[in-house]
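For reference, the structure is listed below as structure tokens.
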Amino acid sequence: MRGPASVIDCRDCPRLARFLDEVRCEHPDYHARPVLPFGDVRPRLLIVGLAPGMHGANRTGRPFTGDHAGIILYRTLHRYGFSSAAQSVDAKDGLKLIGCRITNAVKCLPPQNKPETAEIRRCNRYLEAELVALAPGTAVLALGGIAHQSVLRALDCKLSDYKFKHGAHHDLPNGLALYDSYHCSRYNTQTKRLTEPMFEQVFKDIVRDLSQPAQRRSKSGAAHST
């Protein structure tokens, strides 16, 4: 297995590689390459999104930076002490994550923001390398069902044992705690499928549990879901 360092040059998904070549021609000032994880190398919280957005991470080279999806995310991260600033507009804006790291299940921009199943599975080895490096007790926040399934697949967990549900918390056998939220996309926030209070409640739960790790680990069963 190749580690995350090689992802920046990855062209293993022909459709995605061709699409990025086209985007780079149309927008020569865009990053238009696989987007690397961003943040603390030893996080207490790892956030897993779906894939880079065309004019956000694909443009700036930093996850959830420069588009609508990052607005509520970075504002909430700042509110709960995980970010040095409430806005992420550019990879060189000086923002730092505190005890937090952000990545995506798929590292390359997909056409119409829809990666194919084979692409999600092919990219999973990079997420696996990120997850196995985490310390037991680390919280992992999956933004959306695909991110949720990608985390489980990377850790060789049975998907049917851990159902995706907004606000759910799953204790995984390897000592990580998986939390679920609807993705903070423009569509979800504008349709009110995800409201800011709903998103904040997920972070309240994470912060509470991180402050009481012994209590969280003592919950009955190796794979507890709420």
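The values are calculated or read from the model by the stated rules, or taken from the named source; none is laboratory data. Model, not experiment: these values are computed from the prediction. For neighbour counting, all protein chains shown are included, and Cβ atoms are generated from backbone atoms with ideal geometry for every residue, glycine included.
Miscellaneous remarks
- Here the condition is being modelled with pLDDT of 95 or more, touching a Gly at 6+ places or on another chain (Cβ under 6 Å) and under 14 Å from residue 47 (Cα atoms); of 178, 143, it holds for 143 alone.
- Residues of segment 21-43 satisfying the condition of being aromatic (Phe, Trp, Tyr) and under 17 Å from the mean Cα position of the chain (by Cα): 38
- Some residue of segment 72-80 being aliphatic (A, V, I, L, M) and surrounded by fewer than 21 Cβ atoms within 10 Å (Cβ to Cβ): yes
- Figure legend. Inter-residue proximity from segment 166-192: first residues within 13 Å of residue 152 (Cα to Cα), second residues part of a loop (DSSP other than H, G, I, E, B) and among the basic types (Lys, Arg), beta-carbon distance below 8 Å, spacing 6+ or different chains. Indicated pairs: 171/219; 180/165.
- Checked against the criterion of being aliphatic (A, V, I, L, M), part of a helix (DSSP H, G or I) and modelled with pLDDT of 95 or more, segment 75-87 has at least one qualifying residue.
- Among the residues examined, residue 61 does not qualify as within 20 Å of residue 127 (Cα to Cα), surrounded by 20 or more Cβ atoms within 10 Å (Cβ to Cβ) and touching a residue at least 40 places away in the same chain (Cβ under 8 Å).
- Of all residues in segment 46-74, those satisfying the criterion of being over 26 Å from residue 133 (Cβ atoms) and assigned to a helix (DSSP H, G or I) are 59, 71, 72.
- Of the strands (runs of 3 or more DSSP E) lying entirely inside segment 100-172, those containing at least 1 residues that are surrounded by fewer than 21 Cβ atoms within 10 Å (Cβ to Cβ) span 169-171.
- Test: residue in segment 82-97 that is surrounded by fewer than 24 Cβ atoms within 10 Å (Cβ to Cβ), over 24 Å from residue 191 (Cβ atoms) and touching a Cys at 6+ places or on another chain (Cβ under 9 Å): yes
- Count - residues of segment 67-92 that are farther than 25 Å from residue 30 by Cα and of a type in the set (A, V, I, L, M, F, W, C): 2
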